[in-house]
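Contents: one structure, followed by commentary.
The values are calculated or read from the model by the stated rules, or taken from the named source; none is laboratory data. Please read all numbers here as calculations on a predicted model, not as lab measurements. Here the Cβ positions follow ideal geometry from the backbone for every residue, glycine too, while neighbour counts run over all protein chains shown. Keep in mind that these areas ignore ligands, DNA and RNA; they rest on the heavy atoms of the full protein, side chains included. Shrake-Rupley method; radii C 1.70, N 1.55, O 1.52, S 1.80 Å.
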Amino acid sequence: MRHVSSSSATTTPGPSKVLLAAPRGYCAGVDRAVQTVEHALEIHGAPIYVRKEIVHNKHVVEQLTERGAIFVDQETEVPEGEMVVFSAHGVSPVVHENAEARQLKTIDATCPLVTKVHVEARKFASDGYTIVLVGHDGHEEVEGTTGEAPENIILVETEEDVEGLEVEDPDKVAYITQTTLSVDETTAIIKALKRKFPNMTGPKTDDICYATTNRQQAVKELARECDLILVIGSTNSSNSVRLVEVAREHGAASHLIDFHTQVREEWLEGVETVGITSGASAPEELVENLVQFFRDRGTQDISELRTVNESVRFMLPKKIRDGTAATA
Ligand code: SF4
């Protein structure tokens, strides 16, 4: 049965049911990065420069801009001696060198799980391996990781790329991955790499992070129950884009939106159950706005489909902890 709101001005019928994926939204790395900028503003006052978007979400960037953060593309744009925060996606050693040359005061909000991949890159490089990095060309995380060992790293994006891969010593190959890829696609690429380089080594534990894995698993379950899945997230958010792909691969129509105002009426035609999830960089208030959008259309059956509980938390960067203690 479909519902029509009697109190709302709109006559657009809502779906019978809205199901929210759980877990969804903010991961520990994003939470830490956003809090880092917030605390930096409180401790040091505006302006605080931030290299790149602190996390890939329009709303978050707009809110921090209002509070006095200035987002720049490169550290070389930051006036000498000022404070700059490096984003959750990580930076290459060259960025640290440039910042030092400009006497910038730096706070590194790189997610510890991205740092883990950087450490692996350095280790494999120092052991003389050719490193195959599975990731997306142009993504900030890939740029940062590649910068750790530019001479040793080859980027691979697809199974087709693996076929054409030439390395100096096929017995001395290691792989690492971006943290926010499709779990299934990456598994297939790694299998193809292992076929080509049977002696290939890799990280001790997966580089695709817990948050990416859990959100993709949750959206797969959601896709079984829903005709349509709306993913809250920005177009430059890798893990959000992957959620749309996974939802479609598992049989649901799916769209990526930054805000509830972007929902198109035609997407809702004939839809009985709508699923909602959000990328690891999307704040929960945007999900709440979308739920309200459906409430206003008369949907009353709103519940959560939980696949796993998450309890991961990361400590804030030391400079922020020290600064907070000093001002307490
Ligand atoms: S998506 Fe994963 S790697 Fe990226 S910030 Fe979140 S926890 Fe860290």
Near pairs, Cβ below 7 angstrom, 6+ apart or cross-chain, from region 26-52 (within 15 Å of GLY323 (Cα to Cα)) to any residue that is open to solvent by 30 Å² or more (accessible area, probe 1.4 Å) and of a type in the set (Val, Ile, Thr): HIS39/THR324; ILE43/THR324; ILE43/THR327
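To keep it simple, each residue is scored yes or no on (1) away from the ligand (no atom under 14 Å from the Cβ); (2) in a loop (DSSP other than H, G, I, E, B); (3) open to solvent by 60 Å² or more (accessible area, probe 1.4 Å).
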| site | (1), (2), (3) |
| --- | --- |
| ALA149 | yes, yes, no |
| ILE154 | yes, no, no |
| ALA174 | yes, no, no |
| ARG195 | yes, no, yes |
Among the numbered conditions (1) under 20 Å from VAL55 (Cβ atoms); (2) in a loop (DSSP other than H, G, I, E, B), tell me where VAL271 comes up short. (1)
Consider region 77-99. How many of its residues are surrounded by fewer than 22 Cβ atoms within 10 Å (Cβ to Cβ) and assigned to a loop (DSSP other than H, G, I, E, B)? 5
Just the residues that are surrounded by fewer than 20 Cβ atoms within 10 Å (Cβ to Cβ) and of a type outside the set (D, E, K, R), please, taken from region 294-315. GLN300, ILE302, SER303, LEU305, THR307, VAL308, ASN309, SER311, VAL312, PHE314, MET315
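If only one of VAL263, VAL246, VAL312 is touching a residue at least 24 places away in the same chain (Cβ under 8 Å), aliphatic (A, V, I, L, M) and closer than 19 Å to GLU221 by Cβ, which one is it?
After ruling out the rest, the residue left standing is VAL246.
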